[in-house]
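Notes to accompany the following structure.
The values are calculated or read from the model by the stated rules, or taken from the named source; none is laboratory data. Note that the coordinates shown come from a computational prediction; the quantities given were computed from them, not determined experimentally. Positions of Cβ are generated from backbone atoms using ideal geometry, with glycine treated the same way; all protein chains shown enter the neighbour counts.
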Amino acid sequence: MSKIKPQSGAFSFTLTRARKWFLVAAVFIQLSVLYPVYSWFGAAEPLIAGFPPSFAWIIFVLLLSFLAIILLYRADYAKPNKPAIRNRASAKTPPEPNTDS
């Protein structure tokens, strides 16, 4: 029976600045729906856009997480012509094409 060895980097990724900010935002969003913060919005009135504050807070958090995911996607794939770089120290720019004819 042969052992299948995973390729190097099969499940690895680089923790970029955008991903770090996304993790911070995700932790903040998850903590904001727990007891201390969520209880601030427990009243039935005043209505916010026709919703009670507790439901409006959940909608706001959902939209905030959606925005965070969109920003992460745009940060990861902002420059499709630029190849993904795992190690910036080893990154080399391609040579300029020779236009002298």
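Whether any residue in the stretch 58-80 is within 23 Å of the chain's Cα centre (by Cα), exposed (fewer than 10 other Cβ atoms within 10 Å of the Cβ), aliphatic (A, V, I, L, M) and modelled with pLDDT under 85 is what I want to check.
The answer is yes; a qualifying residue exists.
So which residues in the stretch 1-41 are of a type outside the set (A, V, I, L, M) and modelled with pLDDT under 75, if there are any at all?
Across the stretch 1-41, the qualifying residues are Ser2, Lys3, Lys5, Pro6, Gln7, Ser8, Gly9, Phe11, Ser12, Phe13, Phe41.
Take the stretch 25-56 and flag every residue that is assigned to a helix (DSSP H, G or I) and in contact (Cβ under 8 Å) with a residue 24 or more places away in the chain.
The answer is Ala25, Ala26, Ile29, Ser32.
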